[in-house]
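A.B. asks: One structure follows; several queries about it will come next.
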Amino acid sequence: MSTCLESIFDRVPIGGPRSVVAEPAERTDATERVPPIRNHSRRCLSGFLLLFGLAVSAQAEMPRRVLTVRGLWSDLYQCDTAFAMLGGVRSVNVWHWPGGVSGTFPVTAEEFARYDLVILANINGRSLPPDGRVLLKRYVESGGAVLMLGGYYAFGAEYHGTELAEIAPVDFLDQRDLVACPTGARIEPVKDGTQPRVFWRHTVTPKPGAHVGLTADGQPLLISGTFGKGRVAVFAGSVMGDPATGQLPFWEWNQWPVVLAETMMGLAPTAAASGPPAKKTIIAHLQAAVTSTNAVDQFFEAARPIVDQDFALGAKALIESGHSPQVTLGLRLLGLSHAPGAKEFLRTAFANGRVDSAGRSRPPSVDEVLDDAVGHPSTLGDSDLNPGAAKVNIEQTKAVQLAALEGLGWLGDPTIIPSLHEVMRKCPLRTVPPGDFCDSFTDSDEQGETAMVAALRCGDIAVAAPVVDLWMQNLYTLATMKISDAGAKTKRADQAIQISRLTAAQARLTAGLENLPAPVLPALAQRVAMEKDRWIVPLAFAMFGRPFNNGRVLSTEVTAILRQAKLPAVAALANAQ
């Protein structure tokens, strides 16, 4: 499963109801719940994988892009902490609600193929679209991975007879299958001397060939198996129940995130024998993109980890194509490749909002100024005015300016910071009172935040905390806009466009926060460590996770700051170094 071609994040910062009986007590030190796993290489795994038959091959990969369908109380499963122990993942969230799911649930095989792992966390299987269940089955048959987590809405008759039952390593009852364990069923085998328990479990029967890795009072609890070329695991417990004093519910067991992380690793697809594409292959694809309008942003994501000065000619060819998507891609690559003369070229392109067919950034001619103003070639008569063409020209100018700002950020030259501050001054970011959210996303917002991220990439420590605040505000704005749109009797076309724009802008912002210069990391760590909202975790993965930062090991200073984080998943990133 390929995860390198897209970085679209669709997170809505709203969750299901929280459990009133299973909520872990708040701790002052988040690391108390995070085992000190220094290195998640295969040699240091505790052995759970071998116990339930998911031996990791020499070419196994850790999941990098995960689709999580979240149901009631799913946050108590601590998936985020498990993700952090793997160094961080790109997680797309879909929410289960009565009668369906909200969010971006895949509707094609190609969309499913973007994910290394799909997690179904306490959801009614029949709430998934029928076509979606068929696609999920085909995804696993083709080598995909699924982890099913139990709960109030999961398994039993809601899975029996569906495609989910076909791919699962267990048989589900054709009735409600939750069984109470009033005194707590002990989980075995456990190696750390504790006695974690489940208080509600599903009655399931392992299929022939399935592997049982954990039991609860002798009943199967964690079961894994294969289907086609893929792997599926089922956890038949639930984050429900009322532990007695002195009892340890599994969701508070400090080894539970380890079990979950290792299960994810065992399910992950194997790496292709050929490895990642060679640099020459990527460059050739970039050249081919000059005549193609399809998925040009994907090339940037694919090429970004290996771009160097060899990409300068490819960037120039894209810019010279004259086609807006390719031009914007070329401008971003020009900065990332640190091509000679890139700084002045990008600054001029931003100032003027255009480049010519020879790839030169330049000011507009008088005729072009007239074209932008009235939307028609100046040689035509007044009767041929075309306001639509003027709008296209304006949109192209905005796209060039944004791409030039991004390119300046990827260039990472500290001498550019004053110019970026001038853009931020002209496009100030809106501030809202605590608890309030913006309900729109303007051109000025997009240009101002692009300049701010570019300044951070150039080493501007002063914007570190504001960038984090901006990222969080975007999430809340996006949620507000989506909720407003969902509740509207008449759908507004402009609202849909703004939602799409902000979603894409947030994806670019997140990608721009990977591989940041080392001097800004302590300030970012300070801001992230003090955050209590768990929706900051994906941002922490981008900034500090080793898989997203070319394996970079964090400094002692940054690691010490993250260990004091209020969120266990952020603290776990420090222990995963």
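Computed from the coordinates by the stated procedures, all read-outs in this text should not be read as laboratory data. Everything numeric here is computed off the predicted structure, so don't read it as measured data. Every residue, glycine among them, receives a Cβ derived from its backbone with ideal geometry; neighbour counts consider all protein chains shown.
A.B. asks: Between Thr415 and Thr183, 0.36 nm times their residue separation minus their Cα-Cα distance comes to what?
C.D. replies: 77.0 nm
A.B. asks: Sort His421, His211 so the one with the fewest other Cβ atoms within 10 Å of its own Cβ comes first.
C.D. replies: His421, His211
A.B. asks: Counting only C-alpha contacts under 8 Å and six or more residues apart, can you give the relative contact order of the stretch 427-577 as a whole percent?
C.D. replies: 22 percent
A.B. asks: So for the stretch 41-267, averaging the separation of alpha carbon pairs under 8 Å that are six or more residues apart and normalising by length, what relative contact order in percent results?
C.D. replies: 24 percent
A.B. asks: Mind giving me the FRET efficiency for Glu557 and Asp533? R0 is 22 Å, r the Cβ-Cβ distance, nearest 0.05 is fine.
C.D. replies: FRET efficiency, Glu557 to Asp533: 0.35.
A.B. asks: Taking other Cβ within 10 Å of each residue's Cβ, how do Met530, Met452, Met543 sort, fewest first?
C.D. replies: Ascending Cβ contact count within 10 Å gives the list Met530, Met452, Met543.
A.B. asks: Too long at a 29 Å Cα-Cα cut-off: which of Lys316/Lys482; Lys343/Lys482; Lys137/Lys566; Lys343/Lys426?
C.D. replies: Beyond 29 Å: Lys316/Lys482; Lys343/Lys482; Lys137/Lys566.
A.B. asks: Continuing with this model, one more query. Which residues does a label at Asp217 reach in the stretch 244-268, if reach means a backbone N under 20 Å from a point 7 Å past the Cα toward the Cβ?
C.D. replies: Backbone N within reach: 244-253.
A.B. asks: Antiparallel versus total DSSP beta bridges in the stretch 41-267: what percent is that, nearest 5?
C.D. replies: 55 percent
A.B. asks: Identify the residues of the stretch 468-484 with backbone N under 18 Å of a label point that sits 7 angstrom from the Cα of Arg430 along the Cα-to-Cβ direction, or state none.
C.D. replies: 469-484
A.B. asks: Give me Phe441, Phe544, Phe235 sorted ascending by neighbouring Cβ count inside 10 Å, so fewest comes first.
C.D. replies: Ranking Phe441, Phe544, Phe235 by Cβ neighbours within 10 Å, fewest first, gives Phe441, Phe235, Phe544.
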